[in-house]
Amino acid sequence: TLYGRPECHLCDEAREALRLPESWVLVEDPSRQVVNTLMPPGAPLPNHSGSHWKRQSLGKASVSNLFTGTVAKQPAVGTDMLIDKGGRRHSLGIITRYQAFSRILADQGLPPGWIGSILDRNGVVVARNRDTERFVGQPGTPETVKWIREGAAQQEIKQGPSLDGVDTVVAYNRSPVSDWTLLVAV
């Protein structure tokens, strides 16, 4: 069968193709997962509500906000695409744990005292170069969340408190693709 267990060839191919750290492949039909490379072969896969399908367009990739997965039970982000194969629609996704994004920020080598953060469309912290565990999944400062939700300019520099309560100068840059925001506070 197409999604047979444990001899699922699609599962094996997906595991082999994915080389991103802290990531796995997920394929869903409208009611349930049919492939999840995070799960061991033969494990039962969960059903889902399909609510996230509403943000997907056929053949166009979309990036989710931060969420806690039903299997991983950790904050993660999905990059998904709705595909049609012979009249059957599936959601194909790569799910990435938040730690991968925090590593990207850490690799930038920001000077001591600088704070780098990535926030999703809702203003929730996806990654941070300092105190990651403390702030991931929390909303940004009220000023930052307001700036994001009001759809302000793609780039801006403001002054205000950090999540630590320290007065900072903050540079914002919003992605036109994901609507996520990168900010650097000094």
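See the values below:
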item	result
Probe 1.4 Å, protein heavy atoms only - accessible area per residue of the chain in square angstrom	55 Å²
Protection proxy ranking of 93-106, 114-127, 20-33 - average other beta-carbon atoms within 10 Å, highest first	114-127, 93-106, 20-33
Extension gain, Val166 back to Gln154 (0.36 nm per residue minus Cα-Cα distance, nm)	1.9 nm
Rounded FRET efficiency, nearest 0.05, which uses the C-beta distance separating Asn47 from Glu143 and R0 of 35 Å	0.30
Share of carbon and sulfur in the accessible heavy-atom surface of the chain [1.4 Å probe, %]	56 percent
Segment 54-78-segment 162-185 distance, computed between alpha-carbon centres (Å)	22 Å
Residues of segment 146-186 with amide N under 20 Å of a point placed 7 Å along Cα→Cβ from Phe67	177-181
Most positive-pole-ward Cα, Ile94, Gly140, Ala127, against dipole of the chain from beta carbon charges	Ile94
Virtual spin-label span in nm between Leu110 and Asn122, 7 Å along Cα→Cβ	2.2 nm
Distance in nm between pseudo-label sites at Ser57 and Val186 (7 Å out along the Cβ direction from Cα)	3.8 nm
Helix-only CD estimate at 222 nm, as mean residue ellipticity for the chain, using -39500 (n - 2.57) per DSSP H run (n ≥ 4)	-4000 deg cm²/dmol
Correct choice for Rg and Dmax of the Cα atoms in Å that was computed from the model, options (i) 17.0, 51; (ii) 16.0, 59; (iii) 18.5, 59	(iii)
Of Gln154, Trp114, Ala171, farthest towards positive along the dipole that unit charges on Lys, Arg, Asp, Glu beta carbons give segment 94-186	Gln154
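The values are calculated or read from the model by the stated rules, or taken from the named source; none is laboratory data. Everything numeric in this text was worked out from a predicted model, so none of it was measured. Positions of Cβ are backbone-derived with ideal geometry, glycine not excepted, and every protein chain shown enters the neighbour counts. In case anyone asks, the SASA skips ligands and DNA or RNA and just uses the protein heavy atoms, side chains included. Shrake-Rupley method; radii C 1.70, N 1.55, O 1.52, S 1.80 Å.
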